[in-house]
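For reference, the structure is listed below as structure tokens.
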Amino acid sequence: MEELLLKINALAEELKDYTATNLSKLVKIKSLSTKEEAMADELKRQMLGAGFDEVRTDGLGNVIGRIGNGTKILAFDGHIDTVDTGNLSNWTFDPFSGEIRDGFVHGRGTVDQKGGPAAFVTAGRILKELAFDRDLTIYFTGTVIEEDCDGLCWKYLVEEEKIIPDYVVITEPTNLNIYRGQRGRMEMAVTFRGVSSHGSAPERGKNAIYMASRACLEIEKLNDRLRSDDFLGKGSITISEFVSGSPSLCAVADYARIHIDRRLTSGETKESAVAEIQELLKGMDTERSRSLAEVEVLHYEETAYTGRRFGMEKYYPTWKIEEDHHLVVRAQETFAGLFNREPLTDKWTFSTNGVTINGYYNIPCIGFGPGDEVLAHAPNEKVPVSDLVAASAFYAALAYYLSE
Ligand SMILES: [Zn+2]
């Protein structure tokens with residue numbers, strides 16, 4: 001193995017400019033969620049150029065590259081959509097230049113997360129150059145719509161494409177650390193129905209804004225008492241939108257609706273989070289109680305660039321795998337073998353496709369990717385070329401460690 005690792009490191013280094021140039025090409029193509037077609041075409045071109053055994057797109061528009069045809073299945077996942085640029089005056093360079101300068105590739109998506117796919121294309125090329133022939137099927141998935149609805153693409157891969165890997169490596173930025181979990185999240189809405197009356201006689205009506213406001217203040221207090229997990233941290237809740245309606249600006253409002261962003265830690269589920277809100281509403285409104293305030297878990301549905309409509313509930317479960325899990329241990333060994341130091345094992349602050357991969361389907365999953373997550377969704381996004389090199393070596397070497 002030692003000799004093999006030396007070869008992998010040397011190839012990754014030799015292919016440094018190839019990797020950086022591939023990423024630069026990907027960054028020049030704007031690819032917002034549901035508009036990833038040109039980006040998918042370029043990624044396919046790169047996979048074919050690297051000598052992958054098979055490259056195709058599925059009905060949702062996910063790019064699926066394959067190397068090997070073994071019984072065990074390993075997948076490297078990287079989403080190919082990005083968020084928009086935000087205020088351009090916050091950028092000191094063109095977000096779509098893809099410029100390679102001072103040891104960095106610059107632009108939107110370099111960190112979140114086109115750097116991952118660029119690195120795994122190189123990993124595939126390394127595996128082909130080494131004539132990888134272990135008993136392993138390796139999928140490289142360039143997935144869509146992640147920024148809008150994390151995990152939806154993997155719901156499609158598992159349920160429609162029937163791709164059920166034994167292991168998945170998410171290539172979102174981890175600063176080259178090994179991540180093994182994240183808090184989950186969900187989106188809820190509460191609708192309040194009051195009774196309107198003339199604004200000159202508010203006592204005749206029931207003001208939905210007052211009802212909703214009381215609920216908002218209770219939700220603020222609820223945030224302080226939510227549970228915490230040693231590894232993942234605390235659950236949280238906040239209100240992200242408040243809308244109301246009234247028959248006239250001279251009437252008591254009879255409608256209000258709040259949008260809730262809920263982050264879930266270990267042990268918190270959709271059921272427990274909904275029940276907390278229902279409990280809090282019950283305490284507040286004794287009169288005709290619950291029918292006046294209704295909680296719902298929201299639903300996401302969109303049309304992919306392929307024309308396929310697909311959706312899921314906006315419930316993105318918490319996930320973590322144990323530090324002594326086979327996949328984590330193998331990843332740690334791979335890292336130590338390649339880089340002669342111990343890796344840091346940690347978690348993401350944000351959400352990833354792991355919510356369905358592990359959260360729904362229980363497929364063992366870790367994260368390892370180039371770039372600093374602080375730059376995700378931020379201006380002046382750039383990724384060190386040295387990170388891309390390290391990630392490409394890591395992905396190639398991990399395929400060997402997992403098929404030993
Ligand atoms: Zn991302």
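The values are calculated or read from the model by the stated rules, or taken from the named source; none is laboratory data. All of these numbers come straight from a predicted model, not from anything done at the bench. As a convention, Cβ positions derive from the backbone with ideal geometry for all residues, glycine included, and neighbour counts pool all protein chains shown. Note: areas computed on protein heavy atoms with side chains; ligands, DNA, RNA excluded. Shrake-Rupley method; radii C 1.70, N 1.55, O 1.52, S 1.80 Å.
Assuming Lys382 fulfils every condition listed in (1) at pLDDT 95 or above; (2) more than 16 Å from the ligand (Cβ to nearest atom); (3) open to solvent by 30 Å² or more (accessible area, probe 1.4 Å); (4) at negative phi apart from one, which condition is it?
Only one criterion in (1) at pLDDT 95 or above; (2) more than 16 Å from the ligand (Cβ to nearest atom); (3) open to solvent by 30 Å² or more (accessible area, probe 1.4 Å); (4) at negative phi is unmet by Lys382, namely (2).
Please find, among Asn69, Asn22, the residue that is of a type outside the set (Val, Ile, Thr) and assigned to a loop (DSSP other than H, G, I, E, B). Before you say what the answer is, go through the steps one by one.
Details: Asn22 fails: assigned to a loop (DSSP other than H, G, I, E, B).
When all the criteria are applied, what remains is Asn69.
Kindly provide the set of residues from the stretch 97-115 that are under 22 Å from the mean Cα position of the chain (by Cα) and either more than 19 Å from Val374 (Cα to Cα) or within 12 Å of the ligand (Cβ to nearest atom) (or both), ordered by number. Before you say what the answer is, go through the steps one by one.
Here is the first cut: in the stretch 97-115, the residues under 22 Å from the mean Cα position of the chain (by Cα) are 105-115.
The answer is Arg108, Gly109, Thr110, Val111, Asp112, Gln113, Lys114, Gly115.
Please go through the stretch 142-160 and give me each residue that is within 16 Å of the ligand (Cβ to nearest atom), at negative phi and out of contact with any Pro (no Cβ under 9 Å at 6 or more places or on another chain), ordered by number.
At the first step, the residues of the stretch 142-160 found to be within 16 Å of the ligand (Cβ to nearest atom) are 142-154.
Imposing the further condition that a residue be at negative phi reduces the set to 142-144, 146-150, 152-154.
Of everything in the stretch 142-160, those that are within 16 Å of the ligand (Cβ to nearest atom), at negative phi and out of contact with any Pro (no Cβ under 9 Å at 6 or more places or on another chain) turn out to be Thr143, Val144, Glu146, Glu147, Asp148, Cys149, Asp150, Leu152, Cys153, Trp154.
Return the residues of the stretch 306-330 that are over 30 Å from Ala38 (Cα atoms) and either within 17 Å of the chain's Cα centre (by Cα) or open to solvent by 30 Å² or more (accessible area, probe 1.4 Å) (or both); say none if nothing qualifies. Reasoning before the result, please.
Kept after step one, since they are over 30 Å from Ala38 (Cα atoms), are these residues of the stretch 306-330: 317-330.
Answer for the stretch 306-330, where residues must be over 30 Å from Ala38 (Cα atoms) and either within 17 Å of the chain's Cα centre (by Cα) or open to solvent by 30 Å² or more (accessible area, probe 1.4 Å) (or both): Pro317, Thr318, Trp319, Lys320, Ile321, Glu322, Glu323, Asp324, His325, His326, Val329, Arg330.
Got a sec? Which of Ala75, Ala40 is modelled with pLDDT of 95 or more, open to solvent by less than 20 Å² (accessible area, probe 1.4 Å), of a type outside the set (Asp, Glu) and closer than 27 Å to Ser97 by Cβ? Give the derivation first.
On the way: Ala75 fails: closer than 27 Å to Ser97 by Cβ.
Exactly one of Ala75, Ala40 is modelled with pLDDT of 95 or more, open to solvent by less than 20 Å² (accessible area, probe 1.4 Å), of a type outside the set (Asp, Glu) and closer than 27 Å to Ser97 by Cβ, namely Ala40.
Is there a residue in the stretch 125-140 that is surrounded by fewer than 24 Cβ atoms within 10 Å (Cβ to Cβ), of a type in the set (D, E, K, R), at positive phi and assigned to a loop (DSSP other than H, G, I, E, B)?
no
Go through the stretch 64-92 and give me each residue that's within 16 Å of the ligand (Cβ to nearest atom), under 30 Å from Ala131 (Cα atoms) and touching a Phe, Trp or Tyr at 6+ places or on another chain (Cβ under 9 Å).
Answer for the stretch 64-92, where residues must be within 16 Å of the ligand (Cβ to nearest atom), under 30 Å from Ala131 (Cα atoms) and touching a Phe, Trp or Tyr at 6+ places or on another chain (Cβ under 9 Å): Phe76, Asp77, Gly78.
So which residues in the stretch 226-262 are touching a Cys at 6+ places or on another chain (Cβ under 8 Å) and either open to solvent by less than 30 Å² (accessible area, probe 1.4 Å) or part of a loop (DSSP other than H, G, I, E, B) (or both), if there are any at all?
Restricting attention to the stretch 226-262, the residues satisfying the condition of being touching a Cys at 6+ places or on another chain (Cβ under 8 Å) are 239, 242, 258.
Within the stretch 226-262, Ile258 is the sole residue that qualifies.
Take the residues of the stretch 161-176 that are of a type outside the set (A, V, I, L, M) and more than 15 Å from the chain's Cα centre (by Cα): which is nearest to the ligand (Cβ to nearest atom)? Lay out the reasoning, then the answer.
Here is the first cut: in the stretch 161-176, the residues of a type outside the set (A, V, I, L, M) are 161-162, 165-167, 171-175.
Filter once more, so that each one left must be more than 15 Å from the chain's Cα centre (by Cα): 161-162, 165-167, 175.
On the way: Glu161: 21, Lys162: 25, Pro165: 19, Asp166: 23, Tyr167: 20, Asn175: 14 Å.
The extreme case among them is Asn175.
Suppose we keep only residues that are in a strand (DSSP E or B), at pLDDT 95 or above and of a type in the set (Val, Ile, Thr) within the stretch 143-195. Which one would you say is farthest from Thr318 (Cα to Cα)?
Thr191
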